[in-house]
Structures are given as C-alpha cells and as structure tokens.
1. Which numbered condition in (1) modelled with pLDDT under 90; (2) surrounded by fewer than 16 Cβ atoms within 10 Å (Cβ to Cβ); (3) within 25 Å of the chain's Cα centre (by Cα); (4) part of a helix (DSSP H, G or I) is the only one that ALA68 fails?
2. Could you list, in sequence order, the residues of segment 114-129 that are more than 11 Å from LEU79 (Cα to Cα) and of a type in the set (A, V, I, L, M, F, W, C)?
3. In this structure, does LEU117 turn out to be crowded, with 18+ Cβ neighbours inside 10 Å, closer than 11 Å to VAL62 by Cα and among the aliphatic types (A, V, I, L, M)?
Amino acid sequence: MANSDMVLVELSKLIGTLRRQESETKQALDSILEQIKAVEITMRLCRHNGAQATPDIHDALVAELRKAKAQKKTQMDGLMLIADKNGSIKVKEAQRFMAEAGFISNPKNAASILYTLISRSGKFEKVKPGEYRLIGAQQSLPNTS
C-alpha cells in the first residue's frame, strides 16, 4: 500500500508540473499571437503608405483584376482596367497590382512585360518616366479662366 501511495504522490506532482507548463505555454502563445497581429498591422501600413493607393482602392482594384483574370481577360485588359481606375498607369504600381492578381506569374519579368505591352499597344502615351496615360484620355488641368 505504501508503494502505491508514493506513486500517487509522484503522479500528483507530475500533474502540477504539467499544469504549470500548460499555463506558461498558453502565456507564450498569447504573446506570440499579439506579435503576429502587430506585424500584420505593420505590413498593411507599409503596403498602403502615402506613396501608394489607399487600402480600399488598392484592395478593390486587385479584386477587380482577379475577377478579370478569372474571366480569362488578357494582360492588356488588366492594364486598361488599371488605367481606367487611376487615370494613368505607373508601371511600378501596375507591376504590383498585376502580380497580386495573377496576371504576371514571375515578378522579375513584370517590368519588361508591362513596358512591352504598353509600347506595342499604341494605346498609351508617355507622361513621364514610368508613367503612361491612355491616348485620348482627358488630362485634368487646373482651370485658368
């Protein structure tokens, strides 16, 4: 009997130790989850800084491009969609949009693909380096009257 009592005492100690470890592990997990949330927030803020589109516009445009991709639209159709929404195309932004939407599978080739599409289409005019506007699209100028 004494031997079984000792076993029960040892098992009780083991249960106590395991419960402490469980508590510590839960606290560590909570801390990790908080850190993950913080990093996700930081990523969203970095992706949507002032130099880029606002989050709602960015996400909506990527969603429209994904829908166009699902409808078997071409890369040119994707560029036209971006130009319609933004008024012009900045190649750096278009690269990111097209890659996120799946129109371009290898981001390393994105700039080359887009510059080739733009130059061969004859539908765009150069505004400044890296930025193009649809030919015939109205450019908003300040009213000087």
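The values are calculated or read from the model by the stated rules, or taken from the named source; none is laboratory data. Here the structure is a predicted model, which is why all the values come from computation and not from measurement. As a convention, Cβ positions derive from the backbone with ideal geometry for all residues, glycine included, and neighbour counts pool all protein chains shown.
1. Looking at each condition in turn, ALA68 falls short on (2).
2. VAL127 - this is the single residue of segment 114-129 that is more than 11 Å from LEU79 (Cα to Cα) and of a type in the set (A, V, I, L, M, F, W, C).
3. No.
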